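Peer 1: Right, I'll just put the structure down here and ask away after.
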Amino acid sequence: MDNKKITVSLKDKSYDIFIKGNILSQCGKYIKQLSIGKKILIVTQDKVPKKFINQTTKDLSKHGFNIFVLVLSSGEQNKNLTSLLTIISFAIKNKFERSDSFCALGGGVISDLTGFAASIYYRGINFICIPTTLLGMVDAAVGGKTAINIPDGKNLLGTFYQPKTILIDPNCLKTLPKKEFLVGMGEVLKYALLEKTARNPYSKSGFFYFLKTNKNNILKLKTKSLLQIITHSVSIKAYIVSKDERESGLRAILNLGHTFAHGIEQAYNYKKYTHGEAVSIGMCLASKLAQNHKLLSESLVTSIINLISSYSLPTKITELSKLNKITQSMLHDKKIKDGKLRFILPHKEIGKVKIISGIPIDEVKSLIKKEVT
Ligand code: GLY
């Protein structure tokens, strides 16, 4: 399998992302290149296969690092203050110093949580990320957004804190449950809808076409296809983050489908739809909204919806009992600016998006209603 290196360029905070088969059992040589202390705290979760933990710890120890492992319970509900304090107390008890490191080994929950802990422990300790889920690889680990959930809402407490490096092993996806894989595919499909606006220099365009024509190999988890979708998605995200680390402009386009998605996830208490499913529905609704505003033709909207559905992802909600809750939650989204809803909408062609604000909530409500009835 080819070895890929993608750089997130952020002056003195720049870092490399390495994508390579079996990188877990070779991680020591990559981490050794960083100027960091001897102690590494690997924070992981009970769902992560023991094999991944053993491969990582074995190779790091071989390279002279002193490894500590903390296994937390899986699940979004554990991305909370209690888990944060568990990490901090563990590090204090084991005398971690500022030159030492925290390493997240797991999915998006673990990287968000460990990244946040790293950013505040002694005002900032080194952070390393080894994502093991598709969502973690193509989205959560890249770009330095860290967060925990609090009773008032999801991801409301967090920081921007970039890792020192990210190591991605596509082989980790071969043992990932299908549902978890599809959560990540929701985000991968998103990149196909925004890559031209990102002006991704690595792309020869046509990620949408690639996802359409390589669907069978991707869903069969063929190594080459996995490497391609990860590399392409990470390149786009790295480019966007390099241009706009703190989401004061371009980075907002990564929220395509997410205003709808957060409303849907919250209205159904994060139970009925996974994040990837909600984002898929959100991207279809955003496409329909774009069509209503004459930003996108009906045939392109149909192409988008057909591709999403061909990956067994939902394209609309199935009933309206939570309609009011969905729109209320959308109005409380943290992406709201000057009290107005902002949408990222596909624009003119597949791969281009435009930010539109001020769409009345009643229009959004009618749109969702029309899709169901
Ligand atoms: N997940 C969206 C972002 O990192 O900006």
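Peer 1: In contact with a strand residue (DSSP E or B) (Cβ under 9 Å, 6 or more places away or on another chain) and hydroxyl-bearing (Ser, Thr, Tyr): which single residue out of SER357, SER312 fits that description?
Peer 2: On the way: SER312 fails: in contact with a strand residue (DSSP E or B) (Cβ under 9 Å, 6 or more places away or on another chain).
Answer to the selection: SER357.
Peer 1: ALA238: at pLDDT below 95, within 16 Å of the ligand (Cβ to nearest atom) and either surrounded by 22 or more Cβ atoms within 10 Å (Cβ to Cβ) or under 15 Å from the mean Cα position of the chain (by Cα) (or both), yes or no?
Peer 2: Considered against the rule, which asks whether it is at pLDDT below 95, within 16 Å of the ligand (Cβ to nearest atom) and either surrounded by 22 or more Cβ atoms within 10 Å (Cβ to Cβ) or under 15 Å from the mean Cα position of the chain (by Cα) (or both), ALA238 comes out as no.
Peer 1: Out of the residues in the range 244-263 that are in contact with a Leu (Cβ under 8 Å, 6 or more places away or on another chain) and touching a residue at least 40 places away in the same chain (Cβ under 8 Å), which is farthest from the ligand (Cβ to nearest atom)?
Peer 2: If we take residues in the range 244-263 being in contact with a Leu (Cβ under 8 Å, 6 or more places away or on another chain) and touching a residue at least 40 places away in the same chain (Cβ under 8 Å), then PHE260 is farthest from the ligand (Cβ to nearest atom).
Peer 1: Moving on. Of SER299, SER280, which residue is of a type in the set (S, T, N, Q), crowded, with 18+ Cβ neighbours inside 10 Å and over 24 Å from ILE166 (Cα atoms)?
Peer 2: None of the others qualify; the one that does is SER280.
Peer 1: Contact list please: Cβ distance under 6 Å, first residue in the range 16-43 and of a type in the set (Asp, Glu), second residue at pLDDT 95 or above, pairs at least six apart or on different chains.
Peer 2: Partner pairs satisfying both residue conditions: ASP16/LYS5; ASP16/THR7; ASP16/THR165.
Peer 1: Something else now. Suppose the filter is over 21 Å from the mean Cα position of the chain (by Cα), open to solvent by 30 Å² or more (accessible area, probe 1.4 Å) and among the hydrophobic types (A, V, I, L, M, F, W, C); does ILE368 pass it?
Peer 2: no
Peer 1: For the range 190-204, check the following and say yes or no: at least one residue is in contact (Cβ under 8 Å) with a residue 60 or more places away in the chain, within 15 Å of the chain's Cα centre (by Cα) and under 30 Å from LYS95 (Cβ atoms).
Peer 2: no
Here is a yes/no grid of residues against (1) open to solvent by less than 40 Å² (accessible area, probe 1.4 Å); (2) at pLDDT below 95; (3) within 13 Å of the ligand (Cβ to nearest atom); (4) in a helix (DSSP H, G or I):
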residue	(1), (2), (3), (4)
GLN162	yes, no, yes, no
LEU167	yes, no, no, no
PHE181	yes, no, no, yes
GLY186	yes, no, yes, yes
LEU189	yes, no, no, yes
THR197	yes, yes, no, yes
TYR202	no, yes, no, no
LEU211	yes, no, no, yes
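Peer 1: If you scan the range 117-151, which residues turn out to be in a helix (DSSP H, G or I), within 14 Å of the ligand (Cβ to nearest atom) and open to solvent by less than 10 Å² (accessible area, probe 1.4 Å)?
Peer 2: Correct list: LEU134, GLY136, MET137, VAL138.
Peer 1: For residues that are open to solvent by less than 60 Å² (accessible area, probe 1.4 Å) and hydroxyl-bearing (Ser, Thr, Tyr), scanning just the range 66-85, find the one that is nearest to GLN162 (Cα to Cα).
Peer 2: Out of the qualifying residues, it is SER83.
The values are calculated or read from the model by the stated rules, or taken from the named source; none is laboratory data. Nothing here was measured: the structure is a model prediction, and the numbers come from that model. Positions of Cβ are backbone-derived with ideal geometry, glycine not excepted, and every protein chain shown enters the neighbour counts. Surface accessibility is based on the protein's heavy atoms, side chains included, excluding ligands, DNA and RNA. Shrake-Rupley method; radii C 1.70, N 1.55, O 1.52, S 1.80 Å.
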